[in-house]
Amino acid sequence: MQISRLFLALFFVAAGVNHFLLPNIYLQIMSPLLPARPTLIWISGIAEILGGIGILWARTRRLAALGLILLLVAVFPANIYGALHGMSVAGWTVPSWLLWMRLPFQPLLIAWVYFACWKAGKPPP
């Protein structure tokens with residue numbers, strides 16, 4: 001379970017850092033109706049980094065897991081928007097089928113966080 005959490009932490013930290021390196025990718029999949037979209041990208045990037053780090057320690061693991069699960073639920077509409085409206089990465093148009101195939105991975109990622117971090121047990125007193 002520890003190796004699973006380590007990979008999960010690395011995934012979220014890398015994804016969070018990516019929000020700062022390539023914010024335009026995330027802007028493309030956010031509804032233009034959302035206010036302060038660049039700020040939302042920063043907030044979600046920070047949340048992913050802190051959540052990824054937080055799951056590494058027993059005392060913060062469950063809170064970090066809860067935060068990551070809530071974040072994954074909150075950003076799911078952006079993934080749907082991306083599938084409906086398309087996106088491009090470095091000038092390459094991402095195929096529509098790939099964007100649609102990505103959607104089922106969000107619940108799988110939520111399950112991974114839950115089983116590796118929340119259900120794994122409560123932190124010691």
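The values are calculated or read from the model by the stated rules, or taken from the named source; none is laboratory data. Just so it is clear, the model here is predicted, and its values are computed rather than measured. Virtual Cβ from ideal backbone geometry, glycine too; neighbours counted across all protein chains shown.
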- Query: Tell me, which helices (runs of 4 or more DSSP H) wholly within segment 1-105 include 2 or more residues that are among the β-branched types (Val, Ile, Thr)?
  - Reply: 2-21, 37-54, 58-85
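Which residue, of 54, 16, is free of Cβ contacts under 8 Å to residues at least 24 places away in the same chain, under 25 Å from residue 5 (Cα atoms) and not aliphatic (A, V, I, L, M)?
Only one candidate qualifies: 54.
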- Query: If you take the residues of segment 19-40 that are in contact (Cβ under 8 Å) with a residue 40 or more places away in the chain and of a type in the set (Val, Ile, Thr), which of them is nearest to residue 52 (Cα to Cα)?
  - Reply: 25
- Answer from 49, 55 - the residue that is farther than 22 Å from residue 100 by Cα, touching a Lys or Arg at 6+ places or on another chain (Cβ under 7 Å) and not acidic (Asp, Glu): 55
- Residues (surrounded by fewer than 11 Cβ atoms within 10 Å (Cβ to Cβ) and modelled with pLDDT under 90) located in segment 93-125: 122, 124, 125
